[in-house]
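**Q** Supplied in structure tokens, the structure appears directly below.
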Amino acid sequence: MSASLERQMLGGPRTVSMKTPHVTNKQASQLLHNKFVVVLGDSIQRGVYKDLVMLLQRDNYLAASQLKTKGEEQFEKDELLEGGTKGHMSNGTKYKEVRQYMSDHHQVRFYFVTRVYSEYVQRILEEFEKGPKPDLVIMNSCVWDVSRYGRQWEPDYMENLTRFFRKLRTILPEEALIIWNLTMPLGKTIIGGFLVPEVAEFGPSLRFDIIEANYCSATLASVYGLDVLDLHFQFRFSLQHRMKDGVHWNAVAHRRITCLLLAHVANAWGVELPPSQPPTGLNQSFSEQDPTKETQQQPRKAQNSVYRCRPRAWGYNNYPVPPNPCMTSLTSNFYGGHHDAWMESPHIRQDFSRDYIPPQTGPYYDQGFFIGYPTQDSNDDNYVMRSKYRRAQYRPY
């Protein structure tokens, strides 16, 4: 019996057989041959840039010090073009850092941005418009947007996303591949970094805010024809690879991100990546936590507080969709008359007042939590795993 199979049977950490193949230095170099790659975003995206630069040169992981350092004059033969140690080092929203790695056949550039659309981002887009246009753009901007520019971040974030996506689509040619990364899971406790003392009170709720922001940005990106890579979904059970600060991730996770990105690029460009194994002596295993240990709650009774639901536009079982949030009469007085008569129908009150039963057990497993509710199919909540945008085929190889 193999060691990995034995570990799975014993309930220990299991090594994920990734659907995407491991990408080697040779494969990455060939895939991005004569390509101009731009990475935009925060410190996580800086790690994406650094791991990509490392992989284009050799099959090594980033050192912990390389992941933590920012603004250095040189990293693995790249060059600091602007900001960083050449400017003012800070954790403020005005911090800038522009890096570039160039070889005979590769060009990778990184821009540190603290907001998805600003005057600084406008200048970056003007550079794309005047100078060489990138073949591949990898970007994300979320955590700073929802934490450093006011508590009511939703309207500004949506407006800035719309402006940025529209402008980017106007400037870049149709065959350019644009990948929007969704923000990775945050920890309950966030230490240091971007979360300065002035906004430290927002820390505990940020992990929920980014879920809403991810949904908004993924929806808009799909509307404007951008590709979406859901890193939050990919790393939801891999929290042991997250650093103690609750935000950043270790070198193993960053290599996994690089493999996911390059596999997505290869698929978009019509390139088949052959199966490959990590080089001898390099531990490239990527393990996930057993989701039953932390995510499964013990059965408990449903509390008579606010029963909320979000029916689909077509309604379940042809029931009329309520115009207001679904609340029982128990809470109608507290919420100032928002009581919905739809909740008073006998079959609805019966289903929403029963004891909680875990989805894995009980007579309602086949029908979901509530009797009469259909199970999810492939067309339900498809924003979790969004289908790839059908672009004009661009196959450079």
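The values are calculated or read from the model by the stated rules, or taken from the named source; none is laboratory data. Because the structure is a prediction, the values reported are computed rather than measured. Every residue, glycine among them, receives a Cβ derived from its backbone with ideal geometry; neighbour counts consider all protein chains shown.
**Q** Collect the residues in the range 41-55 that are under 19 Å from Gln107 (Cα atoms) and either of a type in the set (Lys, Arg) or surrounded by fewer than 20 Cβ atoms within 10 Å (Cβ to Cβ) (or both), keeping them in residue-number order.
**A** Correct list: Arg46, Lys50.
**Q** Go over the candidates Phe237, Phe208 one by one and state the one that is in the same structural domain as Leu32 (by TED's automatic domain parsing) and either outside any helix (DSSP H, G or I) or within 22 Å of Tyr117 (Cβ to Cβ) (or both).
**A** Step by step, each of Phe237, Phe208 is checked, and only Phe237 is in the same structural domain as Leu32 (by TED's automatic domain parsing) and either outside any helix (DSSP H, G or I) or within 22 Å of Tyr117 (Cβ to Cβ) (or both).
**Q** Take the residues of the range 119-147 that are at pLDDT 95 or above and either among the polar types (S, T, N, Q) or part of a strand (DSSP E or B) (or both): which is nearest to the chain's Cα centre (by Cα)?
**A** Per the criteria, the residue is Asn140.
**Q** Next up: Please go through the range 98-108 and pick out each residue that is surrounded by fewer than 23 Cβ atoms within 10 Å (Cβ to Cβ) and within 18 Å of Gln74 (Cβ to Cβ).
**A** Val98, Gln100, Tyr101, Met102, Ser103, His106, Gln107
**Q** Select from the range 251-284 the residues that are of a type in the set (Gly, Ala, Ser), modelled with pLDDT of 55 or more and outside any helix (DSSP H, G or I) and list them in ascending order.
**A** Once the filter is applied, which keeps residues that are of a type in the set (Gly, Ala, Ser), modelled with pLDDT of 55 or more and outside any helix (DSSP H, G or I), the range 251-284 yields Gly270, Ser276.
**Q** Please verify whether Arg169 is touching a residue at least 24 places away in the same chain (Cβ under 8 Å), part of a loop (DSSP other than H, G, I, E, B), of a type outside the set (Val, Ile, Thr) and in the same structural domain as Tyr49 (by TED's automatic domain parsing), treating the condition exactly as stated. I'd like the intermediate steps shown before the answer.
**A** Values: touching a residue at least 24 places away in the same chain (Cβ under 8 Å): yes; part of a loop (DSSP other than H, G, I, E, B): no; of a type outside the set (Val, Ile, Thr): yes; in the same structural domain as Tyr49 (by TED's automatic domain parsing): yes.
It is false that Arg169 is touching a residue at least 24 places away in the same chain (Cβ under 8 Å), part of a loop (DSSP other than H, G, I, E, B), of a type outside the set (Val, Ile, Thr) and in the same structural domain as Tyr49 (by TED's automatic domain parsing).
**Q** Still on this structure: Which one of these does Leu52 not meet: (1) part of a strand (DSSP E or B); (2) touching a Ser or Thr at 6+ places or on another chain (Cβ under 7 Å)?
**A** (1)
**Q** Follow-up. Residues that are among the polar types (S, T, N, Q), touching a strand residue (DSSP E or B) at 6+ places or on another chain (Cβ under 9 Å) and without any contact (Cβ under 8 Å) to a residue 60 or more places away in the chain: does the range 105-124 have at least one?
**A** Within the range 105-124, not a single residue is among the polar types (S, T, N, Q), touching a strand residue (DSSP E or B) at 6+ places or on another chain (Cβ under 9 Å) and without any contact (Cβ under 8 Å) to a residue 60 or more places away in the chain.
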